Amino acid sequence: MNGNSVGFIKEDPWRIFRIMAEFVDSFETMSRVGPAVTLFGSARTPRNHPDYRAAQTIGQGLAQHGLAVITGGGPGIMEAANRGAAHAKGRSIGLNIELAHEQKGNPYANIPIHFHYFFSRKVCFVKYSMGFVFMPGGFGTLDEFFETLTLVQTERIPHYPLILFGRNYWNGLLKWMKATVEKQTFISPTDLNLYSLTDDPQEVIDLILDYQRRVGVPEQLPKGLM
């Protein structure tokens with residue numbers, strides 16, 4: 001074992017405290033947010049792109065119905081959803097991550113929370129959301145989609161709405177999942193019914209609100225956050 005490895009291990013006890021602090025700080029804030037929906041999508045989507053406008057519309061529509069909007073706190077799709085929620089004077093939450101490139105916090109998150117670790121940030125996305133919207137995006141978006149889908153499939157979390165936005169973007173992946181993954185029996189046919197696919201921002205909002213009505217999730221505006 002070289003000196004660098006020894007040094008890394010010696011730092012582990014202090015790293016645990018940093019991880020604990022990240023969970024304590026984020027849980028304390030997020031536990032007072034109330035019903036929320038998370039939107040994922042590319043940080044690279046420009047402001048003049050139709051997906052940006054769609055995410056902004058979704059964020060605004062959800063906030064108008066008393067739902068908090070959670071994003072990764074960065075630019076692109078995340079900025080758009082936070083912007084829509086903030087425009088509706090709703091709770092616009094940005095779970096920002098420290099990255100060497102690309103990720104910078106957007107100015108529309110009126111409840112910003114900063115993370116160093118991806119895994120603690122991902123816990124907050126799932127723990128405090130009652131629905132998930134996946135806009136077109138890269139590896140991060142795909143990671144969040146498959147992780148959340150796995151949690152629903154294995155019944156570790158309830159069957160929350162998992163909504164894929166953008167048929168042209170997602171169709172190739174979904175066809176491959178059916179033709180290859182399901183065909184080889186790595187998943188069950190019913191697993192492909194765990195998500196919805198749409199091009200309509202209003203349908204996204206309606207699917208979330210329908211779930212909220214069916215399971216009785218109350219609208220709530222927590223004190224001390226706005």
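The values are calculated or read from the model by the stated rules, or taken from the named source; none is laboratory data. Note that the structure is predicted; figures quoted are calculated from it, not measured. Here the Cβ is made from the backbone with ideal geometry for all residues, glycine too, and neighbour counts use every protein chain on show.
Pairs meeting the criteria (first residue in the range 114-137 and more than 22 Å from S196 (Cβ to Cβ), second residue assigned to a loop (DSSP other than H, G, I, E, B) and of a type in the set (D, E), beta carbons under 6 Å, at least 6 apart or on different chains) are H116/E98. All conditions but one from (1) in contact with a Leu (Cβ under 8 Å, 6 or more places away or on another chain); (2) crowded, with 19+ Cβ neighbours inside 10 Å; (3) assigned to a loop (DSSP other than H, G, I, E, B) apply to T148; the one that does not is (3). What are the pairs with Cβ atoms under 8 angstrom where one residue, in the range 163-189, is farther than 21 Å from P136 by Cα and the other, located anywhere, is of a type in the set (A, V, I, L, M, F, W, C) and in a helix (DSSP H, G or I)? Sequence gap at least six, or different chains. Listed by first residue and then by second, the contacts come to E182/L192; I187/M177; I187/V181.
Listed here are the residues, each with its yes/no results for (1) crowded, with 19+ Cβ neighbours inside 10 Å; (2) in contact with a Leu (Cβ under 8 Å, 6 or more places away or on another chain); (3) in a helix (DSSP H, G or I).
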position	(1), (2), (3)
V126	no, yes, yes
S129	yes, no, no
P136	yes, no, no
D143	no, no, yes
H159	no, yes, no
N168	no, no, yes
K175	no, no, yes
T180	no, no, yes
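Taking the range 96-115 as the range and being at pLDDT 90 or above and either part of a loop (DSSP other than H, G, I, E, B) or touching a Phe, Trp or Tyr at 6+ places or on another chain (Cβ under 6 Å) (or both) as the test, the residues that pass are N106, P107, Y108, A109, N110. Restricting attention to the range 24-51 and to residues that are in a loop (DSSP other than H, G, I, E, B) and in contact with a Phe, Trp or Tyr (Cβ under 8 Å, 6 or more places away or on another chain), the residue that is farthest from N168 (Cα to Cα) turns out to be S31. Within the range 97-113, being under 15 Å from G41 (Cβ atoms) and either touching a residue at least 60 places away in the same chain (Cβ under 8 Å) or among the polar types (S, T, N, Q) (or both) holds for Q103, N106.
Taken over the range 144-162, the criterion of being without any contact (Cβ under 8 Å) to a residue 60 or more places away in the chain and among the acidic types (D, E) is satisfied by E147, E155.
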